[in-house]
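Input: a single structure, listed below in structure tokens.
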Amino acid sequence: MNDLQQRMETHIGRLSEFTATPGNGTTRLTYSKEDLQARLYIKEKMQEYGLQVREDGIGNIFGRLEGTLTGAPSVLIGSHFDSVPNGGSYDGPAGVVAGLEVAALFKENNLTPKYPLEVIALVEEEGARFEGGLMGSRGITGVLNEEDFKNLTDKDGIKTIEAMAEIGLDSSLPKKRDPKTMKAYLELHIEQGPILEGKGIPIGLVKAIVGLVQLEVTVEGKAGHAGTMPMEHRSDALVAAAKMIARLPELALNEGEGSVITTGRLNVFPNGSNVIPNKVVFTVDLRSGKEEHILSMIENVKELVDSYNDSGIKTSVAHQLYMAPKAMDSDIISLLKEKCSELDVPYCSLNSGAGHDAMVFSDVTAAAMLFIPSRDGVSHCPEEWSDSKDIATAVQILFEAAKALTEAE
Ligand code: HGY
Ligand code: MN
Ligand code: MN
């Protein structure tokens, strides 16, 4: 195992220690104690690698290697460092540590770029604490405005800015960043699917990222005693919600072309075993490679939910996130292909079924992604694993691409 691969193992190993569920995957919610531990580790490495470290008003971390061109836009390399509940060690951190090691290679080779290089570690990509997801990147690009950011609360009603203050972050700092300060955004991420492993190819170049929508459905009924309320008089919110959820998969299958629908979170109120539920709130995550399918599925979900309204059941659907499908930058894809060939690394092109911060940055700058294989194609679970050898290979490719991008006009 070479030094770079060893450093990858160390970084991933250390970051995976910062979890609220040791022994049962990575649970690192934004602005939690575990976030703070990971944040300190990332900032320590940024300083060690000679970068100027700062955090913005959302808590995103930037490590900057100044360029010789004053006021020139930066080449950003990184990913997110939050996780889903009981997730894996690589989803997000693989991209953050790759960015760190690209900066380390600039330092080791005494390279001062023309255009600045910035390593970026983003918060709340998963949306596991504050609704919607892609929060850190949406805040930087202004898609999430200051007002909406400040009003976001977690399931306990704690606001973003309160949670930030808990770990010593300053939410009064700037959030939205002028697009003119960004030249490109590069992200290494695990594939989270079976394609690369199936092909035995270490590097995937992402052509496009599927569109994704997060809806929140609220179903209201009437609470009552589980023993004394006759069945025919009930307005059971959970029974109505269960019927809706059971019919969602058919909407994706009818849409076709790889469209998917998932209900990942469901809360029952008042959640007593002998109480007829009077309210249920559940999420609907829907995705497709074509926007027409996304729009059609939104309409069909709303129609389905609406059809359960009656004298006792009332429903509503809230939009939490809307991201249209996004193509990655063709010029940077060509550059990455060239660097893979120069380094004699096999690669293939593929689309991403997962959402990523790169899809947000693609609205304001040239964005591109590299994938590495996921063992057994699994992710968002403790079994998630990728080979540090592949991360090291990706770092070499990103290093060559970053050198070109920080020199080119
Ligand atoms: O949900 C996603 O696609 C990403 O993992 N946040
Ligand atoms: Mn991710
Ligand atoms: Mn994820």
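Descriptive notes on the structure:
- With respect to the conditions (1) outside any loop (DSSP other than H, G, I, E, B); (2) in contact with a strand residue (DSSP E or B) (Cβ under 8 Å, 6 or more places away or on another chain); (3) open to solvent by less than 20 Å² (accessible area, probe 1.4 Å), residue 355 lacks only one, and its number is (1).
- Spans of helices (runs of 4 or more DSSP H) in segment 112-219 with at least 3 residues surrounded by fewer than 20 Cβ atoms within 10 Å (Cβ to Cβ): 146-151, 160-166, 195-199
- So residue 161, is it away from ligand 1 (no atom under 16 Å from the Cβ), assigned by TED's automatic domain parsing to the domain that holds residue 50 and not acidic (Asp, Glu): yes
- Pairs with Cβ under 9 Å, 6+ apart, first in segment 64-76 and over 11 Å from residue 406 (Cα atoms), second of a type in the set (S, T, N, Q): 64/52; 64/74; 71/181
- Scan of segment 384-406 for residues that are within 16 Å of ligand 2 (Cβ to nearest atom) and surrounded by fewer than 21 Cβ atoms within 10 Å (Cβ to Cβ), ordered by number: 385
- When residue 409 is tested against (1) under 28 Å from residue 294 (Cβ atoms); (2) of a type in the set (D, E, K, R); (3) open to solvent by 10 Å² or more (accessible area, probe 1.4 Å), just one condition goes unmet, and that condition is (1).
- Scoring residue 312 on the criteria (1) of a type outside the set (Phe, Trp, Tyr); (2) open to solvent by 30 Å² or more (accessible area, probe 1.4 Å); (3) assigned by TED's automatic domain parsing to the domain that holds residue 300 leaves a single failure, condition (2).
- When residues of segment 69-111 are limited to those that are away from ligand 3 (no atom under 16 Å from the Cβ) and assigned to a loop (DSSP other than H, G, I, E, B), the one least open to solvent (accessible area, probe 1.4 Å): 72
- Selected residue (only one of 219, 239 is among the β-branched types (Val, Ile, Thr) and touching a helix residue (DSSP H, G or I) at 6+ places or on another chain (Cβ under 7 Å)): 219
- Each residue in segment 332-342 was checked for being open to solvent by 20 Å² or more (accessible area, probe 1.4 Å) and out of contact with any helix residue (DSSP H, G or I) (no Cβ under 6 Å at 6 or more places or on another chain), and 6 pass.
The values are calculated or read from the model by the stated rules, or taken from the named source; none is laboratory data. Since the structure is predicted, the reported quantities are computational estimates derived from the model, not experimental observations. Positions of Cβ are generated from backbone atoms using ideal geometry, with glycine treated the same way; all protein chains shown enter the neighbour counts. For the accessible areas, the whole protein counts, side chains as well, though only heavy atoms, and no ligand, DNA or RNA atoms are used. Shrake-Rupley method; radii C 1.70, N 1.55, O 1.52, S 1.80 Å.
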